[in-house]
Structure formats: structure tokens, C-alpha cells
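Quick notes on the structure that follows.
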Amino acid sequence: MISDQGQDKHSKFIFITGGVLSSLGKGIASSSLGLLLKQRGFTVTMMKFDPYINVDPGTMNPFQHGEVYVTDDGAETDLDLGHYERFLNQSLKRKNNTTAGQVYYEVITKERKGHYLGKTVQVIPHITDEIKRRFRTFDGQFDFILIEIGGTVGDIESLPFLEAQRQLWLELGSNNVLNIHLTYVPYIKSAGEMKTKPTQHSVKALMEFGIKPDILLCRCEQKLGKEMRTKIALFCNVHEDAVIEALDVESTIYEVPLLYAKSNLEELVLKKLEMPSKELEIDTWRNFVNRIRHPKHEITVGLVGKYTKYRDSYKSILEAFVHAGSINNTKVKVELRNSEDITEDNIQAQMEGLDGILVGPGFGNRGIDGKIISINYVRENKIPFFGICLGLQCAVIEFARNLCNMPEAHSSEFLVNDFNVIDLMDEQKKIKDKGGTMRLGAYPCNLITGTNAYKAYNTSEISERHRHRYEINNHFRPVLEKSGMTFSGISPDGKLVEIIELKNHPWFVGVQFHPELKSRAVTGHPLFIGFIKSILKNKKLIG
Ligand code: GLN
């Protein structure tokens, strides 16, 4: 299906830029189109180009940039890659995410090595050539390559990306490169009408860089209507049928592909890129969305962590609850609890109304006590518990302090002493640099039969993604085990504990990895599904 141009196989490129303002949901819009093309029987991959200078978002604060998403091959990437994977049900690679920092780093490194033979190294052509090279990383391997350009058109930072996009369009032609622009048509209450001016300006900015949008995706709170579409088409120089309404969805982002399908978005894309039309298989997705919209049960889970001011810091966890909730016909309300506010005195009130808690990932000392107090509470009160990464580490500390007679038990991330039940791996002890120094990416793990983990996965060999420096200290394994802790997941060489759990409890499971990163729409993640099931059972909502 990949287009044949001369001898080489080429992919069709679809660029998605954003206008007017940020947070319009470019990642969701791109993922939705990717899904529709895939469900039409084409092969698709998606890439994100981020304009910031950081080499990767690994060292960025989650408060600023949301969660860091990790791929199987260990890249720390933008959280939009999470959307792509969840929608496409496809694992992406390091090369699916590029930052301006990587591009400049590459060019400057080459310059230092004398690669440019004395030439003046410039944004055009050197930076743009490097960007184009990266655009084409997967050229020929997929029918479609969707490329989302981060930021908003008009930002100084994203200029080289737009210039490279323009050049690629010129080189490959309009039947091989499609420009989609996501914009916003606000409803102004005082005027009682929708306004197209911001869209006009945004398209004008895009045209100044030589990019003519082929399709406008117009985010709006109210229906666009024929008149508005005609006006936008006229002023923005696009065909009326290419002005697509992207109405706000009521219940879930997973509805967006269904809306686009109704507007025939992917049909239009296929026509413009001269690709054959194939039948759209969307029933499975529609059923998934229907289960989200019409749940049978409702439960409330507390997500305990310190990044509670910005929900995007826990993006994948929140999405994993939607997926696994849908499988269980359950709406999972997730209430964020700031662990810094949790004390011995208010723990009861803090846990009020929660059917289960998840203690989330994190770095640094702040909020640790609140996490340990929460875990102690749910362990003793037999409330379902799920610990992820730092969540597992805190569970081990709590267990050692209260059940192994080690009141000083701690992680050496927070306090170095003789009772570091959580400690650095020997290889990590030598590393001083920040950034890229963690155990990152997918690692295999063997499950012990009969455990909750085994029952959830229903298999004994799994692979999950990691992002951490510290591990359970093997020195303390015997005493933890003797006091009743089960190590239900172990690395194949037996050296690392990956999953812990407790018996005589409805569900007390901690994992060293990040299961949320492999939760996909429609299918969900076994551990999230198991956790929700245990809550439903605990509440006697299911048998
Ligand atoms: N800070 C802990 C570590 O580095 C946990 C990291 C995490 O929760 N992802 O091991």
C-alpha cells in the first residue's frame, strides 16, 4: 500500500500543527486520525517534534510538563507519545519523539567534529536538514506517518520545524504531504456568536511560513454550522469540506475518533493523499466508548502523591483507570490526595470515601511520610492498595518498620542508614550525572504462580517499563519474606524484585515498574483491571 515513487517506497506524511492557543488537544486529535487510518486497514506511525531545547523531558519537572512517558527502548519522551500508543495500540520508539535540543545537539556535535568542512552552520539548511532527516526516519515503513509539531504556530521556537515541513511538502508534493491545522473557534457570550478571527490570524501566520493548510480542524464548544464553515473556508483559503468541526466531547476523549469519523475526516485525508478508500472497522472502539459512557458501577480511588496540582503529572495512570474501568463496566472516580497534607492525625478523614488507593511514582523526600501513613492505614484496614514504583518502595518501608521490627527502615534516596530496605543498585552508585541515568525501558519479569499478579496477567512471563534508580535491597529479602511479604515478580536472573504482595488482604500489590505506560484503550492493563476487580469484590458489587 505504501506509495511507489520510482524504486523507493515512500510513506504519506501528515503534519498536524496547532494555532490560537495551547492545550487544544493536538495530541488527541492526531491520535484520533491515526486510529481512524489504522482502522481503515492502513499501517500508521506517529511522531512528535517538540520545540524545547531540553534533550529529552526526563529532567523536566512534572509540574511544568506533565508526566514523562517512557518507551520500551528506554527513551524519556513527551506525554503525547502515551496518547499515540494508547489510541494506536502500538509501541513506539525513541525515534518517534524529537526535541529541538536533540536536533541542535546533533548539528553542533557534527560541527565540532568538522563534518561541515568550514561552512557556516545555519538554521537553514543545516538545522532544517537534520529535522527533515528525522521526519523521514520511518519513511517507507508505514503507509502513513503522522507528525505532530509541538507548540503553537507563531512561537519563535517552532519556526525551524515549520520551515522543514514546508520544504518536505515542496520536495514530495501535495499528494504525499498533507498539512492539517488545529485551531479554535470560540463562542463569545456577550456577542452571542462564534468568532472566526483567531482562526483567520492563525492560518495567516502559517501561510507566512509558506504552509497552506489542507484541512482545518476547528475546536469549538458549539456546532459550527454551514455559515461559519463557509466563512472560515473563504477567509482561510481552504475548501469548505475541509473545514472540520471538532466539537468538545461530553464524556471522554476516546469519543473524538467517533466524531471525526462522522465528519469523514479520514475519508478526506485519503482522497487528498490519493490513497484508496477502505472500509472502516470502528465497532470495537465504539463498544469501548459506550462502556465508558454507560457504566454499571462506580468506585472512588485515591491517588496519593505530591504532584496533585497538575493532573497531567499522572496522565497515564488516570487513562489506565479509564481503560480498566471500561473492561469492568465501572466508572473509576480518581481523587488526588496530596501526600504532603496527610498526617497520623488526619489519615482517617483523608481516606474517607475512598474504596482503594494507589500510591504513585515520584522522586525526592517531600510527601514520603504521608505515603507511608496512607499505606499503613490501608494495609491494616484491608482496603485495596496498588503501589507503583515509589509507591512500592514506600510499602516496603512501611512493612519493614511495622512488621519486621525495623523502625529506622528507609530508602537511601531519603536517608542513608543501616536499614536501607530500598537502595541503589551497585551499577547506579557510580553515576553522578542527572538525566538518562535510571533503569529505563522494558525489562522482563517472571511471575510466581498462584499470586495476585499471576492471576491478573494469566501468564508467567511479562515485560514492563521502568523509570527509577532504587530497588528493593536483596540483603533484606529474607526478613521481609519471613514476615509475610510475597515477592510475586522477579527478574529472570533472580536479582531484582519487581512485584510484592501481601496475603490475607483483598489486594495489596506493589510494582517496581510502571504498568500504566502499557495500558491501552480497549484492552486495558491486567494489574489495573485486577485492582478494580478487587475493589468491586470488596464492595460486594460483584461476586
Ligand atoms: N525515586 C524512586 C527511584 O528512583 C522511584 C521512582 C519512580 O517512582 N518512578 O527509584
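The values are calculated or read from the model by the stated rules, or taken from the named source; none is laboratory data. Please read these numbers as outputs of a predicted model, since none were measured by experiment. Reconstructed Cβ throughout: ideal geometry from the backbone, glycine too, with neighbour counts over all protein chains shown.
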Of the candidates Phe138, Phe144, Phe161, the one satisfying the condition of being modelled with pLDDT of 95 or more, among the aromatic types (Phe, Trp, Tyr), more than 30 Å from Glu227 (Cα to Cα) and surrounded by fewer than 21 Cβ atoms within 10 Å (Cβ to Cβ) is Phe138
Could you list, in sequence order, all residues of the stretch 176-208 that are hydrophobic (A, V, I, L, M, F, W, C) and in contact with a Lys or Arg (Cβ under 6 Å, 6 or more places away or on another chain)?
Leu178, Leu182, Ile188
Of all residues making up the stretch 21-55, the number that are under 15 Å from Ser158 (Cβ atoms) and part of a strand (DSSP E or B):
4
Within the stretch 492-506, the count of residues that are within 19 Å of Thr459 (Cβ to Cβ) and touching a Pro at 6+ places or on another chain (Cβ under 7 Å) comes to 1
Would you check if there is a residue in the stretch 527-537 being within 16 Å of the ligand (Cβ to nearest atom) and without any contact (Cβ under 8 Å) to a residue 40 or more places away in the chain?
no
Given the structure, is Leu88 in contact with a strand residue (DSSP E or B) (Cβ under 7 Å, 6 or more places away or on another chain) and closer than 17 Å to Phe144 by Cα?
yes
What are the residues in the stretch 496-523 that are basic (Lys, Arg) and within 16 Å of the ligand (Cβ to nearest atom), if any?
Lys518
Scan Val522, Val509, Val497, Val479 and give me the residue that is touching a His at 6+ places or on another chain (Cβ under 8 Å) and of a type in the set (Val, Ile, Thr).
Val522
Matching residues, the stretch 1-49, being more than 22 Å from the chain's Cα centre (by Cα), closer than 20 Å to Leu216 by Cα and modelled with pLDDT of 95 or more:
Lys12, Phe13
Of all residues in the stretch 235-252, which are assigned to a helix (DSSP H, G or I) and either at pLDDT 95 or above or touching a strand residue (DSSP E or B) at 6+ places or on another chain (Cβ under 7 Å) (or both)?
Cys236, Ala242
Exactly one condition in (1) more than 16 Å from the ligand (Cβ to nearest atom); (2) within 18 Å of the chain's Cα centre (by Cα); (3) crowded, with 22+ Cβ neighbours inside 10 Å is not met by Val334; state its number.
(3)
Is at least one residue of the stretch 464-474 more than 16 Å from the ligand (Cβ to nearest atom) and either of a type in the set (Ser, Thr, Tyr) or not in a loop (DSSP other than H, G, I, E, B) (or both)?
no
Answer yes or no as to whether Lys271 is part of a loop (DSSP other than H, G, I, E, B), farther than 30 Å from Asn61 by Cα and of a type in the set (Lys, Arg).
no
Got a sec? Which strands (runs of 3 or more DSSP E) wholly within the stretch 342-432 have at least 3 residues that are within 12 Å of the ligand (Cβ to nearest atom) and surrounded by 24 or more Cβ atoms within 10 Å (Cβ to Cβ)?
none
Matching residues in the stretch 307-318 - criterion: being surrounded by 24 or more Cβ atoms within 10 Å (Cβ to Cβ) and not polar (S, T, N, Q):
Tyr314, Ile317
Tell me, which helices (runs of 4 or more DSSP H) wholly within the stretch 81-187 include 3 or more residues that are of a type in the set (A, V, I, L, M) and farther than 19 Å from Phe13 by Cα?
100-112
Between a first residue in the stretch 449-478 that is touching a residue at least 40 places away in the same chain (Cβ under 8 Å) and a second residue that is acidic (Asp, Glu) and more than 16 Å from the ligand (Cβ to nearest atom), which pairs have beta carbons less than 7 Å apart while being 6 or more apart in sequence or on different chains?
Thr451/Glu501; Asn452/Glu501; Ala453/Glu501; Arg465/Asp72
A careful count of residues in the stretch 209-234 that are farther than 18 Å from Leu21 by Cβ and touching a Lys or Arg at 6+ places or on another chain (Cβ under 9 Å) gives 5
